[in-house]
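The values are calculated or read from the model by the stated rules, or taken from the named source; none is laboratory data. Keep in mind the model is a prediction, meaning the values are calculated, not measured. Here the Cβ is made from the backbone with ideal geometry for all residues, glycine too, and neighbour counts use every protein chain on show.
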Amino acid sequence: MNKKEKKSCGQVVQEWKEFVWNPRTHQFMGRTGSSWALILLFYLVFYGFLTALFSLTMWVLLQTVDPFIPKYQDRLSIPGMMIRPKTEALDITYNLTDTESWDNYVKMLNNFLEAYNDSRQAAMNKVCLPGHYNEQPDNGVLNYPKRACQFNRTVLRDCSGLNDTTYGYQEGRPCILVKMNRVINFYAGANQPMNISCMAKKEEDAQKLGEIVMFPANGNIDLMYFPYYGKKVHVNYTQPVVAVKFLNLTFNYDHHVECKMNAANIVANDERDKFAGRVAFKIRVDKD
C-alpha cells in the first residue's frame, strides 16, 4: 500500500469520526443537540396523535358492540353435531387388555361430565318445565345473566360414570356421548319432540354392531334446553347430551356409526355437509 492510499484511508477514518462527533461544531451524527431535540419532539407528537386517533376510533366502534351477543354471527342454518370423547379423526379404538389404550377416553368423559354433576346443577341451574322452551326475553330491560335448565348427570344412568367409573370401556361395552353444537337463539325442534338416533352406516354391518341402548330413553332431547342465548349471557348453560352404549358389538372389527338429529327444523341428509345435523365416527374394540 503506497502513501497516497494510506492517506486516503486515514482521511476516511477521520471523516467518519467527525461525522459521529464533531468537537468543533458539537454535532452528533450530523445534527446539533437542538436539532435532535426538535426532530424527536416532532415524532413524539406525530405518533402520539396517531395513537390517540386509533384509540378514539376503537372506542367509538366498541360502543356499537353488544358485550353479550355477537353483532355478526356466522349462523348455520343446520346445527352440527359432535361426540365425546373427541378424537382428531373421530376414531375410538382401544384394546380391552391394554388399560392405557382406553384410560384417556375415560378421563375425557370425566372432564366433560364434571359440569353435569347433580350437586353443581342444583346449585347453579333451575328446574324447568319439560316440553316447553325456556324463553327469557329482555322486555326492554336486560335480563342478564339468564338462568339455564338443569341437565343432571344421573340422567345418563349406565353412561354417567357414577356406578361404572370406566363407562363400560373395561368390559367392551363402551359409552359415547353425542351432543348438538350450540347456536344462539335457535329453537331446535320447532316446538315438536325431537331425538337423536344412532345406527351402523351400512345396513349389512348392523348385526355386527349389535344392540344399542340410549340415555335418556330413545335419545330424547327436551325443548327446555333451548334457546341458547350465548356464552356470556347463559353463563351456566350445559347443553343436553345423549349417551349411546354399545352392548355387544363385534370385537376386532371397525364399526362405522352415524348419529343424527331427528327434528322438524333440522335436515340431516345434506351430502354437502357431513356434520349438519349428524356425526359419523368409528369405534373398534380389540380383544386378544
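For the stretch 229-260, the set of residues classified as touching a Pro at 6+ places or on another chain (Cβ under 9 Å), at pLDDT 95 or above and within 25 Å of Asn134 (Cα to Cα) consists of Pro240, Val242, Ala243, listed by residue number.
Just wondering, is there one or more residues in the stretch 181-188 that are touching a Gly at 6+ places or on another chain (Cβ under 8 Å) and closer than 19 Å to Val242 by Cα? Yes, the stretch 181-188 contains at least one residue that is touching a Gly at 6+ places or on another chain (Cβ under 8 Å) and closer than 19 Å to Val242 by Cα. Restricting attention to the stretch 217-235, the residues being farther than 12 Å from Ala263 by Cβ and in contact with a strand residue (DSSP E or B) (Cβ under 7 Å, 6 or more places away or on another chain) number 7.
Among strands (runs of 3 or more DSSP E) entirely within the stretch 211-288, having at least 2 residues that are surrounded by 22 or more Cβ atoms within 10 Å (Cβ to Cβ) singles out 241-246, 255-262, 278-286. Considering only residues in the stretch 238-288 that are β-branched (Val, Ile, Thr) and over 10 Å from Ile196 (Cβ atoms), the one that is farthest from the chain's Cα centre (by Cα) turns out to be Thr250.
In the set (1) part of a loop (DSSP other than H, G, I, E, B); (2) modelled with pLDDT of 95 or more; (3) surrounded by fewer than 21 Cβ atoms within 10 Å (Cβ to Cβ), Asn163 fails one condition alone, (2). Put simply, of Asn110, Asn117, Asn95 the only residue that is out of contact with any helix residue (DSSP H, G or I) (no Cβ under 7 Å at 6 or more places or on another chain), in the same structural domain as Lys245 (by TED's automatic domain parsing) and surrounded by 11 or more Cβ atoms within 10 Å (Cβ to Cβ) is Asn110.
So, Leu156, is that one among the hydrophobic types (A, V, I, L, M, F, W, C), in a helix (DSSP H, G or I) and at pLDDT 95 or above or not? Yes; evaluated as a whole, the condition is true for this residue. Among the residues of the stretch 147-157, is any of a type in the set (Phe, Trp, Tyr), touching a strand residue (DSSP E or B) at 6+ places or on another chain (Cβ under 8 Å) and either surrounded by fewer than 19 Cβ atoms within 10 Å (Cβ to Cβ) or in the same structural domain as Asn262 (by TED's automatic domain parsing) (or both)? Taking every residue of the stretch 147-157 in turn, at least one turns out to be of a type in the set (Phe, Trp, Tyr), touching a strand residue (DSSP E or B) at 6+ places or on another chain (Cβ under 8 Å) and either surrounded by fewer than 19 Cβ atoms within 10 Å (Cβ to Cβ) or in the same structural domain as Asn262 (by TED's automatic domain parsing) (or both).
Residue under question is Ala188, and the condition is that it be over 22 Å from Tyr94 (Cα atoms), among the aliphatic types (A, V, I, L, M), in contact (Cβ under 8 Å) with a residue 40 or more places away in the chain and in contact with a strand residue (DSSP E or B) (Cβ under 7 Å, 6 or more places away or on another chain); does it hold? Yes.
So for the stretch 173-182 (the condition being farther than 28 Å from Tyr229 by Cβ, touching a Leu at 6+ places or on another chain (Cβ under 6 Å) and modelled with pLDDT of 95 or more), does at least one residue qualify? Yes, the stretch 173-182 contains at least one residue that is farther than 28 Å from Tyr229 by Cβ, touching a Leu at 6+ places or on another chain (Cβ under 6 Å) and modelled with pLDDT of 95 or more.
Among all positions in the stretch 80-93, there is no residue which is in contact (Cβ under 8 Å) with a residue 60 or more places away in the chain and touching a Pro at 6+ places or on another chain (Cβ under 6 Å).
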